[in-house]
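To keep things clear, I will list the structure first and then write my remarks on it.
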Amino acid sequence: MTKYTDIGVETHGHVGLIEIRKPPLNFFDVALINQIADALEEFDNNIEIRASVLAAQGKAFCAGANFGDPVRQEQEERAKSDPASNLPINHLYVQAVRIFRNKKPIVAAIHGAAIGGGLGLAVSADFRVACPEARFAANFTKLGFHPGFGLTTTLPELIGKNNAELMFYTSRRVTGEEAYRWGLANVLVPQDQVRAEAMKLAQEIAECSPLGLVSTRATMRAGLADRVLAATNRELEEQTKLRATEDFKEGVKATAERRVANFKGR
């Protein structure tokens, strides 16, 4: 298997396990999403693996992109004057689309927060096992930003257009119980049982015929990766515009300072 720096990869019988290892908040970057896509590709090429679990160490499942990261802030500043410097986020979405092109079912173990792009990653899985302490948020508008990671396509398909709009327009944090009621989470268990329950569901899937699984999933998810590609192209266009605004800078600052943003509409 490939050597990974930000994830752990294991196999348990016919189930593959990918563990994000950037605790406590597991902020993502291009490298992390690339490694997850690579691991899923390895599972696709391993005839013994029939399903996989995506889990994480630390407090959060994935708190999204770290907008407070100095390196990222430098990129944001460059992007204002040089559109070509937008490449990192573009490359991120290229890798994200690879995740949607994988062939075998994925169960995400959501033991904590799945925020922003972290929600996008959680929604890329076929199923989500969560707990009451889990939090799901598409907090882009609170940052003065536009949703990304294909969520403008994937979230409405999963929970309905109006619930997705509610999450986008309020940036609110949805609890594990609410997520379960909406169908955003398929299983709700105590926090310390989330990973075990995700493995149990993946093992149940893995009892089925590998050829039947891949064939049926290809039918059920027909065109999904292409819809996500189209969505990320549109999302990237809007994110590029909004990244250059005063409101985006204020939204990021306010979020870091845990206060209500003073947006000006410019």
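The values are calculated or read from the model by the stated rules, or taken from the named source; none is laboratory data. What you are looking at is a predicted structure, and each value in this text was computed from that prediction instead of being measured. Ideal geometry is used to build each Cβ from the backbone, glycine not excepted, and the neighbour counts take in all protein chains shown. Just so you know, the surface numbers come from the protein's heavy atoms only, side chains and all, with ligands and any DNA or RNA stripped out. Shrake-Rupley method; radii C 1.70, N 1.55, O 1.52, S 1.80 Å.
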| request: Look at the range 144-190 and say how many of its residues are surrounded by 15 or more Cβ atoms within 10 Å (Cβ to Cβ) and either without any contact (Cβ under 8 Å) to a residue 12 or more places away in the chain or part of a helix (DSSP H, G or I) (or both). | output: 18
| task | Please tell me if Ala65 is within 14 Å of the chain's Cα centre (by Cα), open to solvent by less than 30 Å² (accessible area, probe 1.4 Å) and modelled with pLDDT of 95 or more. | result | no
| task | Please enumerate the residues belonging to the range 1-16 that are in contact (Cβ under 8 Å) with a residue 60 or more places away in the chain and open to solvent by 10 Å² or more (accessible area, probe 1.4 Å). | result | His12, Gly13, His14
| Do the conditions hold for Asn262, that is, is it of a type outside the set (Phe, Trp, Tyr), out of contact with any His (no Cβ under 6 Å at 6 or more places or on another chain) and part of a loop (DSSP other than H, G, I, E, B)? | yes
| task | Run down Val228, Val189, Val194, Val214 and say which single residue is at pLDDT 95 or above and in contact with an Asp or Glu (Cβ under 6 Å, 6 or more places away or on another chain). | result | Val189
| task | Quickly run through the range 28-64 and pick out the residues that are free of Cβ contacts under 8 Å to residues at least 60 places away in the same chain and closer than 21 Å to Gln95 by Cα. | result | Ala31, Leu32, Gln35, Asp38, Ala39, Glu42, Asn45, Asn46, Ala56, Ala63
| task | Give just the number: which of (1) surrounded by fewer than 21 Cβ atoms within 10 Å (Cβ to Cβ); (2) over 16 Å from Ala108 (Cβ atoms) does Arg50 not satisfy? | result | (1)
| message | Exactly one condition in (1) assigned to a loop (DSSP other than H, G, I, E, B); (2) within 14 Å of Ala108 (Cβ to Cβ) is false for Ile205; which is it? | response | (1)
| query | Does Thr219 meet the test of being on the phi < 0 side of the Ramachandran plot, among the hydroxyl-bearing types (Ser, Thr, Tyr) and modelled with pLDDT under 95? | reply | no
